[in-house]
1. Taking every eigenvalue of the Cα gyration tensor of the range 51-195, multiplying by 5 and rooting it, what semi-axes result, largest first, whole Å?
2. Select from Leu125, Ile80, Leu108 the residue farthest towards the positive end of the dipole of the range 80-177; place +1 on Cβ of Lys and Arg, -1 on Cβ of Asp and Glu, and compute about the Cα centre.
3. Report the label-to-label distance for Thr155 and Val139 in nanometres (one decimal), using points 7 Å from each Cα along the Cα→Cβ vector.
4. Compute the accessible area per residue over the range 72-196, keeping the other protein chains in place, probe 1.4 Å, unit Å².
5. Kindly give the semi-axes, whole Å and largest first, of the ellipsoid equivalent to the range 106-156, taking each as the square root of 5 times a Cα gyration tensor eigenvalue.
6. Assuming 0.36 nm per residue, please report the length gained on full extension of the stretch Ala120 to Arg184 beyond their Cα-Cα distance.
7. Could you calculate the contour length gain from Asp175 to Ala96, that is, 0.36 nm times the residue separation minus the distance between their Cα atoms, to one decimal place in nm?
8. For Ser150, Ser195, what's the largest-to-smallest order of accessible area, 1.4 Å probe?
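The values are calculated or read from the model by the stated rules, or taken from the named source; none is laboratory data. Since the structure is predicted, the reported quantities are computational estimates derived from the model, not experimental observations. Don't worry about glycine lacking a Cβ; one is built from the backbone with ideal geometry, like all the others, and counts go over all protein chains shown. We work out accessible area using only protein heavy atoms, side chains counted, and drop any ligands, DNA or RNA first. Shrake-Rupley method; radii C 1.70, N 1.55, O 1.52, S 1.80 Å.
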Amino acid sequence: MSLFSPSSRRPPVVRVLASLVGVGAFALVGLTAASTVDWGQLIVAVDGSENTFDLQAAGSDEPGWTPTAASWEQGRPDPIVVVLRDATIGPGTSIATRVAVRNASPRLGAIVVFHVMRPATPNPLFDQLRFTVSEGGHVYASDVDAAHASAIALTGPTASGASRTLDVTVSVPADATDELEGLRTPVSVRFSGVSE
């Protein structure tokens, strides 16, 4: 999501290309059936259609953005790409995005977890980035590295049909050095969850 543009004798500049929002889901569904004795034949039909577990995601860098019905996409297997309009930030500045998750399960509640994902290839630029993650007035992480902005369990369960919107700010430290110029790093986030 970020790119340092080389410059001569200027402080490093970060170019943010895209934010990837993915969804992971794990269903914990229990089914029970009853039986009787001495009543001849018993037929039990089990229908799990209302017990499916499904998370959807959306995102934007528009100020004050909130998701609409058309915003939601399945984040698996392909991630949702949020293209950022103002893509340049420098040391001591930041870029703000919003990402949202919706529990699209027909009736199951969900415990949802937010993750900042590390790039597959080690990257010194990514290790310098700082993240602030908040929801409404609640701050989950403030100006922390990616390791401390991952595996954040959102407060309380997310009911069937309900959505959560998080503000995610990516910043470059004020003391970023010229050694980071010309480096590029992806930044991606995802949501995972389990049914209640």
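1. With the √(5λ) rule applied to the range 51-195, the semi-axes are 29, 15, 14 Å.
2. Result: Leu108.
3. The modelled label-to-label distance comes out at 1.4 nm.
4. Value for the range 72-196: 48 Å² per residue.
5. Over the Cα atoms of the range 106-156, the semi-axes work out to 25, 15, 6 Å.
6. Between Ala120 and Arg184, full extension yields 21.7 nm more.
7. Value of the extension gain: 26.5 nm.
8. Ser150, Ser195
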